[in-house]
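Working notes for the structure below.
The values are calculated or read from the model by the stated rules, or taken from the named source; none is laboratory data. These numbers were taken from a predicted model, which means no experiment stands behind them. Here the Cβ positions follow ideal geometry from the backbone for every residue, glycine too, while neighbour counts run over all protein chains shown. Note: areas computed on protein heavy atoms with side chains; ligands, DNA, RNA excluded. Shrake-Rupley method; radii C 1.70, N 1.55, O 1.52, S 1.80 Å.
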Number of protein chains: 2
Amino acid sequence: MKNGKKAPTIFDVSALSGFSISTISRVINNPEKVNAETRQKVNNAIDQLGFVPKAEARARALRFMGRIGVITPFFTAPSFIQRMRGIANSLSKENFDLVIYTVDSNNRLQSYLSSLPLTGNLDGLVIMSLPVNDNDVKRLLDYHLPTTLIEYPHPLINSVEIDDVEGGRIATEYLIKKGHRRIAFLGDSDLPEYSIHPVSFRLKGFRKALKSANIEVPESFIRLAPYNQEQARQIAKELIDLPNSPTAIFAATDLQALGVLKATRQLGIKVPDDLAIIGFDDIDMADFEDLTTVRQHLDESGRLAIEILLSHIADSSRPVQHVYLPLTVIERLTV
Amino acid sequence: MKNGKKAPTIFDVSALSGFSISTISRVINNPEKVNAETRQKVNNAIDQLGFVPKAEARARALRFMGRIGVITPFFTAPSFIQRMRGIANSLSKENFDLVIYTVDSNNRLQSYLSSLPLTGNLDGLVIMSLPVNDNDVKRLLDYHLPTTLIEYPHPLINSVEIDDVEGGRIATEYLIKKGHRRIAFLGDSDLPEYSIHPVSFRLKGFRKALKSANIEVPESFIRLAPYNQEQARQIAKELIDLPNSPTAIFAATDLQALGVLKATRQLGIKVPDDLAIIGFDDIDMADFEDLTTVRQHLDESGRLAIEILLSHIADSSRPVQHVYLPLTVIERLTV
DNA sequence: TACAATTATGAAAGTGCTTTCATTAAAATA
DNA sequence: TATTTTAATGAAAGCACTTTCATAATTGTA
């Protein structure tokens, strides 16, 4: 198969197969554009020589690597996955490879952030729901690695964001408009050090809306719990057991809202009559469960991030873009 | 530092500094061969432009980081995502990058399969729920690209599989043991040409189990529908409306089982008393919905695939491994 | 001071690939 | 059968550098 010689080039394959280098290149990159018989012969020659195209030469000729990196928190929350889906979908249409870097500690985040821009084997980077500091940004800029941030903004870098305060406000106002006065808030706690915490902004919006409406919230109505359904269910039960319990709960993430919903089912509480529930995110399951929620269009955020990124890769003179995704209450059956 | 332009090339530095590209190149690669004053000027120009020689960057990229590719069907079914999660999780613990190749057509699959082994970019490959032919396998082997298949086996390549026939049998027997005699089957149809179809094996198991138990199935009890909840819900309603309707439904995927479950809620049918439902896969949502199902431990399949892959990367003399994942009925509340 | 060495530089020829464009052969249509 | 389309191929022009070789300027030597 391989003879001990120098690494074979596309020219060797051309010589052995009798076809031009253009055809060899085609067999490798656009096999469907070449006659089956020819393709077969070329492939034979490739196999015979053990030819492996050099990535560096390829990148040089193409002027890009065809590879986008995504730095994302540990693959676990449904919302991350839906963003990823948006990213993967639009990327595959554009014929880019997707390289995923999962972050499970501050250390790892920093290590990615400091090495990735230097390696030169990425055409662009998406940083999802993770904080970057000025130093990281400077490096990204210095090494000309086009980047889009999702959820965490920075003035010098493209971003796709939502206004969490506003989102919290919208959700709460919706509840108020429906006549609720005793409204509880359920958010997540125990966030890992490397991650960001949008929920605290949603809480801010919650407070703001109530203040505008001149409604007092007892502190016992504001609860934080680890981000999972089990704990949310637990808290929901506690809230329901409170004397003068809330008539509505705003859960700052859908996952937790679903936990609350489950609690109501177990307790035989009627939703929305006895208790209204509104979530935040609009994950896939929200639709299935008919959960009323604030949609932030997760898939779209991924799609958009890629769109912006690719446009900046194509034309790096474009000005930095900061896109705000609209937030809307999706009315379903739980309020 | 950088003005919004394209990434500068050695030519830009040449133009700005007034020296030829040869000199620029020398300043970078053999600084001692160029006059100190010239070198200074060139360096100034380099700094001014923020020029980063691509090749050098790439050299630095020779960091110790491996790269694992995963070829996966279009990022959509929850089961794929859970497998991915298993993969991403175990990979992030090791020093490997994860490159994702999403397949949305036969063409693309073939193009990945024929080009990936050649590029030498990957240290290992996982092919998820996608069929490979002997030719593909030969290429993988010839180019020494360690590979693990998930769900679709091949004698010459590592694989992580489940026995779908057996799974269908288990689910059906479970229903029979619970006293059901009129059992319907709901599977998915309209599979894209490039994908595999485990559900047909589950149907085989279904038939087998019924035969062993001497139970006849009317053909009207065996239904296929596109893979989504909406259609599943529709079909469920039709089944329920049948004269002498089934007392149990085996949905060959959880997603469809959940569609059925939703139909029962809308129709006010009591589960499991009026209708029992069993699914297959055990996706996250199954737990939330208390769906009785056959667990195939999706996360684990991803984890295992990586484990096998890495061990083969470390020691290529290892014999091919075919691992069968156990299937068990997870008893929850719908049967 | 004449001539060889040395040093600093640029022109141009690679490097291994991709892609555009033109050409030819084959198929489809009139 | 003549003519337009389409498919399959090759020639050649990039791509972003590195390297070789030739040339000019400077220094060293007798």
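Listing for the model above:
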quantity	calculated
Flag if A:Pro146 is touching a Leu at 6+ places or on another chain (Cβ under 7 Å) and modelled with pLDDT under 90	no
In the stretch B:1-30, the residues that are at pLDDT below 85 and either open to solvent by less than 70 Å² (accessible area, probe 1.4 Å) or within 12 Å of DNA strand D (Cβ to nearest atom) (or both)	B:Gly4, B:Lys6, B:Ala7, B:Pro8, B:Ile28, B:Asn29, B:Asn30
Considering residues of the stretch B:248-292 that are open to solvent by less than 20 Å² (accessible area, probe 1.4 Å) and of a type in the set (Val, Ile, Thr) only, the residue nearest to A:Ile283 (Cα to Cα)	B:Ile283
Search result, residues across the stretch A:73-85 that are more than 9 Å from chain B (Cβ to nearest Cβ) and open to solvent by less than 20 Å² (accessible area, probe 1.4 Å)	A:Pro73, A:Ala77, A:Ser79, A:Gln82, A:Arg83
Verdict on B:Leu116 being of a type outside the set (Ser, Thr, Tyr), crowded, with 18+ Cβ neighbours inside 10 Å and in contact with a helix residue (DSSP H, G or I) (Cβ under 7 Å, 6 or more places away or on another chain)	no
Residues of the stretch A:111-131 classified as facing another protein chain (nearest Cβ under 10 Å) and of a type in the set (A, V, I, L, M, F, W, C), total	3
Search result, residues across the stretch A:86-110 that are at pLDDT below 85 and more than 7 Å from chain B (Cβ to nearest Cβ)	A:Lys93, A:Glu94, A:Asn95
In the stretch A:86-102, the residues that are closer than 16 Å to A:Ser129 by Cβ and either of a type outside the set (A, V, I, L, M) or surrounded by fewer than 20 Cβ atoms within 10 Å (Cβ to Cβ) (or both)	A:Gly86, A:Tyr101, A:Thr102
Pair list, Cβ under 7 Å, 6 or more apart: the stretch A:35-48 residue free of Cβ contacts under 8 Å to residues at least 24 places away in the same chain and open to solvent by less than 50 Å² (accessible area, probe 1.4 Å), other residue more than 7 Å from DNA strand D (Cβ to nearest atom) and assigned to a helix (DSSP H, G or I)	A:Asn43/A:Val27
Sole exception among (1) in the same structural domain as A:Gly259 (by the TED database); (2) modelled with pLDDT of 95 or more for A:Asp188, by number	(2)
Total residues in the stretch B:59-70, condition away from chain A (no Cβ under 11 Å) and at pLDDT 90 or above	0
Breaking point among (1) touching a residue at least 60 places away in the same chain (Cβ under 8 Å); (2) away from every other protein chain (no Cβ under 12 Å), for A:Met285	(2)
Any chance A:Leu333 is in contact (Cβ under 8 Å) with a residue 40 or more places away in the chain, among the hydrophobic types (A, V, I, L, M, F, W, C) and in contact with a strand residue (DSSP E or B) (Cβ under 8 Å, 6 or more places away or on another chain)	no
A:Gly86 being outside the structural domain of A:Gly279 (by the TED database) and either farther than 30 Å from B:Ser79 by Cα or touching a Leu at 6+ places or on another chain (Cβ under 6 Å) (or both)	no
Residue ranges of strands (runs of 3 or more DSSP E) in the stretch B:63-161 with at least 3 members touching a Lys or Arg at 6+ places or on another chain (Cβ under 7 Å)	B:96-103
Hits in the stretch A:44-58 (condition: within 14 Å of DNA strand C (Cβ to nearest atom), modelled with pLDDT of 85 or more and in a helix (DSSP H, G or I))	A:Ala45, A:Ile46, A:Leu49, A:Ala57, A:Arg58
Residue in the stretch A:196-205 that is aromatic (Phe, Trp, Tyr), surrounded by fewer than 22 Cβ atoms within 10 Å (Cβ to Cβ) and at pLDDT 95 or above present	yes
Residue that is closer than 28 Å to B:Thr9 by Cβ and either touching a helix residue (DSSP H, G or I) at 6+ places or on another chain (Cβ under 6 Å) or within 16 Å of DNA strand D (Cβ to nearest atom) (or both), where the choices are A:Ala36, A:Ala59	A:Ala59
Failed item, numbered, when A:Ile170 is tested on (1) among the hydrophobic types (A, V, I, L, M, F, W, C); (2) part of a loop (DSSP other than H, G, I, E, B); (3) open to solvent by 30 Å² or more (accessible area, probe 1.4 Å)	(2)
Residue that is modelled with the highest pLDDT, among those in the stretch B:230-247 that are under 24 Å from the mean Cα position of the chain (by Cα) and open to solvent by 40 Å² or more (accessible area, probe 1.4 Å)	B:Gln231
Residue, farthest from the other protein chains (Cβ to nearest Cβ), within the stretch A:305-335, restricted to residues that are under 29 Å from A:Ala232 (Cβ atoms), at pLDDT 95 or above and open to solvent by less than 60 Å² (accessible area, probe 1.4 Å)	A:Leu327
Meets criteria (closer than 17 Å to B:Leu98 by Cα and more than 13 Å from DNA strand C (Cβ to nearest atom)) for A:Val132	no
Test result for A:Ser105, open to solvent by less than 50 Å² (accessible area, probe 1.4 Å) and closer than 22 Å to A:Asp299 by Cβ	no
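Yes or no, residue by residue, for (1) within 14 Å of another protein chain (Cβ to nearest Cβ); (2) open to solvent by 20 Å² or more (accessible area, probe 1.4 Å):
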position: A:Lys138; (1), (2): yes, yes
position: A:Asp142; (1), (2): yes, yes
position: A:Glu151; (1), (2): no, yes
position: A:Ser159; (1), (2): no, no
position: A:Lys178; (1), (2): no, yes
position: A:Arg181; (1), (2): no, yes
position: A:Ala213; (1), (2): no, yes
position: A:Ala225; (1), (2): no, no
